[in-house]
Structures are given as C-alpha cells and as structure tokens.
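Step one of this worksheet: look at the structure below.
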Amino acid sequence: MIAALALAAGIVLGFVLRPTVPTWLEPYLPIAVVAALDAVFGGVRARLDGIFDSKVFVVSFISNVLVAALIVFLGDKLGVGSQLSTAVVVVLGIRIFGNAAAIRRHLFRA
Amino acid sequence: MTEPRRTAGLATAPASAKYLIDLVTDTLDPGYAAAASRRGDDRSRRWYDRPAVALGCLLIGFTVVVAYVHTHRGAPQAAKVHAGLVTRVRAAERDNNALDAQVQALNNALARARAQAGAGAANGVVEHDQVLAGQVAVTGPGLQVVLREPAAPTASPSVGRGDAASIGAANILTDRDVRSVVNELWADGAEAISVNDIRLTPTSAIRFAGEAVLVDFQPISAPYTIRAIGNSDQLDVGFAASEVASRYHTLSSADGIGFDFTQQAKLSLPASAAVNPRYASAAPTPSPSGSSR
C-alpha cells in the first residue's frame, strides 16, 4: 500500500517538477530506468516469495543504478560505452524477465 | 527423464557458463534470500521498513517519469523547430511571390502610363531597353533546349552498391551545364533567355548550392528547360554546330542524360522582377549613350 502510494507520489513529483536532465547525466538515464524496473520486479517477487526486505530493496536499487552508471562511465572513457550499456541492459533485462515470470507463476499458478 | 541429465549438465558446466546459467535461473537478487535467512523467524517490522520502501518507490517513480519526460520532450521540440523553419520558408516564398506580382503590376501600370504620355520615339527606346533587360514578358520564335538527368537508378539492380555512388550518379548536371548552354545561346544571337521559366537579366547568376541549381537565387531542378528567343533558324544552326551541343550529344549517349533542342515558332518568356542598379549610374559623358547599347 505504502509502496504504491510512494510510487504514485514519485510519478506526480516527476511530472510536476519536470527537471531538466543535465547533459552529462543523459547517457545514464536509460540505465537508471532499467535498474529501477529491475528493483520493482525484484521487490514484488520477493514480497510474493515472502522474503521481502526493505533494506535489500533500497540498497539494491541504489547500488544497481550506481554500478551500472559506473560501468557505462568507464566504458565511455575507454571507448566501449555503448557496448557496455547494451550489456547492462541485457543483464538487467534478463532479470526483469525472469522475475516477471516468477510473479506470473505466483499470481496465476501457471 | 531429461531432468537428471540437465542438472548433471549444469553441475559440470564450466565456471564461465555457470555465470550465464545463474543469470537466467536466479533472477532474484540473492540479497533477499540472505536477508531472510539472517532474520530467521523474526517477522517483526523494523522502524525503517516503511520509510525505506516509500523512499525506494519514490525514487523509482521519479526516475522513470524523468526519463519519460526527458525522452518525450526532446523529440517534439526538434519537430517543432523543423516545422517552424518550414513555415518561415513557406511564408518567405509567399511574400516573395506577392512582391513579384506587385512589381509586375506596377510595371504594367508604368507601361500604360508611359503609353498615354505619348512621346512615341522615346517610348520605343524604353521598351527596347526593357526587353533586353528582361523586365517585360516577351514572345517570339526561338529555340528550346532541354537537359534532363539520367533516368533515376532507383529500384535498379545495383542494390548492394553504396549510396554515395548512386547519389552522385543521380545528379550529373550542374550549374556549369546550364551556364554553358545559356552562353552558347547568347553567342548564337538570342535576344531573351529563360531557364525553367526564370527570365535571365544582365545581372542574372547561375550558381550551384548543395544539389540545386540556383538561377537568380531561386532553386530549380532537372529537367532544365532553356528557352531562347531570336532568329530560330540562326539559333538552331548556330547551336547545332557549337561545341556545347556536340559535347552534350556525346554525354547523352555515354551518361544517359537527356538532351534535345527544337525550333519553336512561338515562345513566351516571363518578365523578371526589376533589379534597380544601386551603384551604377549613367556616366555624364557627352557621347550619345544610346549608341553604345
């Protein structure tokens, strides 16, 4: 309940503030989005599994974003930025997909 | 039947492959399981549970929306700028056409007023000068020369070829070709010339910008139709014998450009908007200026 409320509040906040993303932050935005989706699906699945932990949820989200951004940053400096950001999206995408499948099995028993 | 074999395969998989297998099979963050085993049966809420979840969800929603807004704000803005530029170009073109029409109307009014004012001899001189300067629409016999680009190589068998080659091949004709034909026609005795219905004046320039030929700063595109009024027999014979004509005959058989010229019994050339000389003024010499024309 509180999670849904906070999510809605964050969405409203984003629409109201409409912050301008600085140029240097732009390449990390897609990575942050994928990491955020991964955290959401992971959290929901953990909740359904009965092992949800708020600390793990927040820390894993923030650290995933930071690590993914760091990988992409290093890649940019070394000339393989786009390949590494693809790698990050693939890894997190696989996790999202697997978690979504687990959630589906929980909800529909299928 | 397949289960044991599969697990056996997993167990014997090399370490690097195991990472990939883990990636696909263990999609949940291992931290959750670790935290659950650490806490054991202690199911009580801690004080930071709710704020932490709220903070995480707030951050996630904010991030997603910022990305959404950022992506969707950039694209329409670029389209908006493009549309704005297109509208401004169109408006400028409309203004230009309106001013052209105004100039023509005023010129006609001027001609009528001059005719009413009489002074027949002077009138004839003015009219003659205006015809030569391209300020009035003229009609008469002449020669029409058409230059066409080679048939477009689109949908031709050269699919695998690079684009650069085909783009270059599609634009063989340049300002130089139009200019050489025009110069040859002047040399053969043309009295008035238009290119794609743009009348040439003594100050006209035929230039090249990007992939468009500009005649008096107005872009035109192939096919280039060059109409010249003059003694049509003399023009025809002179042009046919010229080096320019033989060059384009050769090019038309080699490169596939379209080139032909025909005598016309009656050609109508439009007037050009008058360009008033800003710097040149009549020299105050005692010699009769009319004879030098």
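The values are calculated or read from the model by the stated rules, or taken from the named source; none is laboratory data. What you see is a predicted model, and the numbers here were worked out from it, not measured in a lab. Cβ: placed from backbone, ideal geometry, glycine included. Neighbour counts: every protein chain shown.
Looking at (1) at pLDDT 85 or above; (2) part of a helix (DSSP H, G or I), can you tell me which one residue B:167 breaks?
Of everything listed in (1) at pLDDT 85 or above; (2) part of a helix (DSSP H, G or I), residue B:167 misses just condition (1).
Pull up segment B:14-65, narrow it to residues that are buried (at least 18 other Cβ atoms within 10 Å of the Cβ) and of a type in the set (Phe, Trp, Tyr), then point me to the one that is farthest from residue A:96 (Cα to Cα).
Here the residue is B:62.
Which members of segment B:184-215 meet the condition of being part of a helix (DSSP H, G or I) and in contact with a helix residue (DSSP H, G or I) (Cβ under 8 Å, 6 or more places away or on another chain)?
B:184, B:185, B:187
Looking only at segment A:83-91, decide whether some residue is within 11 Å of chain B (Cβ to nearest Cβ) and in a helix (DSSP H, G or I).
So far as segment A:83-91 goes, yes, one or more of its residues are within 11 Å of chain B (Cβ to nearest Cβ) and in a helix (DSSP H, G or I).
Have a look at B:121, B:113, B:155, B:151 and point out the one that is over 26 Å from residue B:200 (Cβ atoms), modelled with pLDDT under 75 and assigned to a helix (DSSP H, G or I).
Exactly one of B:121, B:113, B:155, B:151 is over 26 Å from residue B:200 (Cβ atoms), modelled with pLDDT under 75 and assigned to a helix (DSSP H, G or I), namely B:121.
Which residues, counting only those in segment A:6-59, are closer than 24 Å to residue A:97 by Cβ and of a type in the set (Lys, Arg)?
Passing the criteria: A:45, A:47.
Here's a check for you: in segment A:51-77, which residue that is closer than 17 Å to residue A:24 by Cβ and of a type in the set (A, V, I, L, M) is nearest to the other protein chains (Cβ to nearest Cβ)?
This residue is A:65.
Please tell me if residue B:86 is at pLDDT 75 or above, within 14 Å of another protein chain (Cβ to nearest Cβ) and part of a helix (DSSP H, G or I).
No; evaluated as a whole, the condition is false for this residue.
Could you please find all residues in segment A:9-47 being more than 7 Å from chain B (Cβ to nearest Cβ), loosely packed, with under 15 Cβ neighbours inside 10 Å and not charged (D, E, K, R)?
Listed by number, the residues that qualify are A:12, A:16, A:17, A:20, A:22, A:23, A:24, A:25.
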